[in-house]
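*Asks:* Dropping the structure in here first, questions after.
Values quoted throughout were computed directly from the atomic coordinates according to the rules given, and no laboratory measurement underlies them. Not measured: the values here are computed from a predicted model. All Cβ positions, glycine included, derive from the backbone under ideal geometry; neighbour counts span all protein chains shown.
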Amino acid sequence: MKKTKFLKNIFCFSKADLCLCLGTSLQIRPCRDLPRKTKKNGGKIVIINLQKTSLDSLADLIIHERCDRVMKYILEKLNLNFNEKYSHVKKVILISGKSKSGKDFLAKRIIEYFPTSLLLHINESLKHEYIKTHGDQDSSDTYRKNMIKWGEDKYREDPTIFCRMMIEQNDQLCLKYPIWIIDDVKYHAEIEFFKKYFNDRLLLVRIEASNDIRQKRGWNDQIDVNDDSQLDTNVQWSFVFSNNEEDNFNEQMNNLLKMIDPL
């Protein structure tokens with residue numbers, strides 16, 4: 001290795017927060033001393049190797065396993081292989097709207113036109129995780145309010161946790177279908193999550209209805225206090241669907257379908 005290149009490596013290792021040593025016994029100098037530079041400057045050393053190495057005593061973590069298996073696991077957990085894994089997906093449709101505006105109805109109509117589409121629910125992942133930790137679901141208002149509060153607390157800790165869980169829990173179906181429909185998007189962070197991985201394949205759909213119409217459909221403004229207010233502003237929607245009694249539903253539906261599949 002050229003001296004200038006090696007000096008550059010020393011600088012990089014010195015600045016690194018983490019040094020991953022993959023599949024090496026760390027016996028040969030000068031390369032074996034590079035992880036020491038990271039450690040000296042407050043960074044951490046992780047060694048992944050089947051056998052012991054000469055720097056095991058300095059390591060913050062040692063994993064005795066094949067490198068390919070460990071790295072595959074890490075990539076999956078960090079969603080770093082997300083784009084490649086779901087490269088078959090042609091369109092991701094995020095549907096947002098207030099309670100009783102017609103989100104579920106619109107999603108089902110889209111599926112009728114595109115049988116190769118998959119309907120996903122972020123809220124179902126929240127419910128699934130809540131039941132795992134708090135017991136079986138019941139129909140009481142107290143249970144529902146506690147679940148909503150628990151979900152909001154989890155969201156504040158990790159704004160995309162339920163997006164990731166939704167995909168993980170439906171992984172085999174997600175790998176099968178080229179169109180995903182997610183019909184209960186409520187937060188900016190959820191939109192940003194899908195933009196990160198599917199930006200050129202993403203369709204943001206907002207469905208709206210007046211309060212009077214929503215009340216006729218069963219909306220209760222006393223119960224549904226947290227009603228999707230975050231997405232009322234600062235979102236550039238691909239399509240805004242008006243779902244009042246006087247609106248032409250079929251005409252809007254045809255225009256939306258052309259955006260999903262222009263051919």
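*Asks:* If you scale each eigenvalue of the Cα gyration tensor by 5 and take the root, what three semi-axes come out for region 130-263, rounded to whole angstrom and sorted largest first?
*Replies:* Whole-Å semi-axes of the equivalent ellipsoid: 27, 23, 14.
*Asks:* Evaluate E = 1/(1 + (r/R0)^6) for I148 and R29, where r is the Cβ-Cβ distance and R0 equals 51 Å; express this FRET efficiency to the nearest 0.05.
*Replies:* 0.30
*Asks:* Still on this structure, please answer the following. Within region 62-157, which GluC sites (Glu not before Pro) sit in a loop by DSSP and count at most 16 neighbouring Cβ atoms inside 10 Å?
*Replies:* For GluC sites (Glu not before Pro) across region 62-157 that sit outside H, G, I, E and B with at most 16 neighbouring Cβ atoms in 10 Å, the list reads E65.
*Asks:* Right, next: Kindly provide the Kirkwood hydrodynamic radius of the chain in Å, to one decimal, from all pairs of distinct alpha carbon atoms. If you can, show how the numbers build up before the last one.
*Replies:* On the way: mean 1/r = 0.0452 Å⁻¹.
Every distinct Cα pair counted, the radius reaches 22.1 Å.
*Asks:* Against the longest principal axis of the chain, how steep is helix 141-157, in degrees 0 to 90 to the nearest 10, with axes from Cα atoms?
*Replies:* 40 degrees
*Asks:* Same structure again: Mind pulling the angle between the C-alpha long axis of helix 67-77 and the longest principal axis of the chain? Nearest 10 degrees, somewhere in 0 to 90.
*Replies:* Helix 67-77 sits at roughly 30 degrees to that axis.
*Asks:* Take the Cα pairs of region 51-196, get the Kirkwood Rh, then feed it into Stokes-Einstein at 25 °C and 0.890 mPa s and tell me D in µm²/s.
*Replies:* 138 µm²/s
*Asks:* Run the numbers on region 88-260 and let me know its relative contact order in percent, using alpha-carbon pairs under 8 Å that are six or more apart. All intermediate terms of the calculation are to be shown ahead of the outcome.
*Replies:* Details: 215 pairs, mean separation 67.7, N = 173.
Relative contact order of region 88-260: 39 percent.
*Asks:* Using only the Cα atoms, what convex hull volume per residue in Å³ does region 3-77 have?
*Replies:* 96 Å³
*Asks:* A further question on this structure: Residues with amide H under 5 Å of L118's amide H, sequence separation 5 or more or different chain, H placed in the peptide plane at 1.01 Å from N; which?
*Replies:* I179, W180, I181
*Asks:* Once phi is turned into ³J(HN,Hα) by the Karplus curve 6.51 cos²θ - 1.76 cosθ + 1.60 with θ = phi - 60°, what whole-Hz value does each residue of region 108-124 show in order, with x for glycine and proline?
*Replies:* The phi angles translate into 5, 5, 4, 5, 4, 7, 10, x, 8, 9, 10, 8, 10, 10, 5, 5, 5 Hz.
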